[in-house]
1. When only DSSP loop residues count, what chymotrypsin sites (Phe, Trp or Tyr not before Pro) in the range 1-86 have their Cβ near at most 11 other Cβ atoms within 10 Å?
2. What's the percent breakdown of Cα-Cα distances in the range 44-108 across 10 Å bins, shortest bin first?
3. Could you work out the relative contact order of the chain, using alpha carbon pairs under 8 angstrom and six or more residues apart, expressed as a whole percent?
4. Add -39500 (n - 2.57) for each DSSP H run of 4 or more in the chain, then divide by its residues: what number comes out at 222 nm, to the nearest 500 deg cm²/dmol?
5. Can you pull the one-decimal nm distance between simple spin-label points at ARG80 and LEU41, each 7 Å off the Cα toward Cβ?
6. What percent of all Cα-Cα pairs in the chain falls into each 5 Å bin, going from 0 up to the bin containing the maximum distance?
Amino acid sequence: MAKGSVVRTDGWTGYDNLPTLGYKHEPLVLDGDPERTDTHLPMIHIAFSNLKTWLLGTHHAVSHQHLQAYLNEFVFRFNRRFYPMTAFNSVLGLAANVTPPTYESLYSGNWVHPIA
């Protein structure tokens, strides 16, 4: 996420340091009010519900070591869910322009994601 981005949260105090990291923080204590949640954080329940269903149905378990890779894949798919051919073309284009990691480099812990 780019510095200066607006980050909307549910008011949890764990997000209080976002401004010091360079983000504009818009907290709102929701108190379980579904109407306020839908207004402040639209589609949040759908996104998390889809994520949990996908992780449990497809992967059954996710290790901490690979969690970020699973989340990256989910976000990629979720953002292209209405345009399946766009997703396919994007993956094809990405795959043609990067060197994939080897099994050994992935599990040795030496591989660094090119965007990291």
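1. TRP12, PHE82
2. 17, 42, 35, 6
3. Relative contact order, the chain: 14 percent.
4. So the helix-based figure for the chain works out to -12500 deg cm²/dmol.
5. Here the answer is 2.7 nm between the modelled labels.
6. Each 5 Å bin holds this share of Cα pairs: 2, 8, 12, 15, 19, 20, 13, 7, 3, 1.
Rule-based calculations on the coordinates, nothing more; no lab input. These numbers come from a predicted model, not from an experiment. Neighbour counts run over all protein chains shown; Cβ positions are idealised from the backbone, glycine included.
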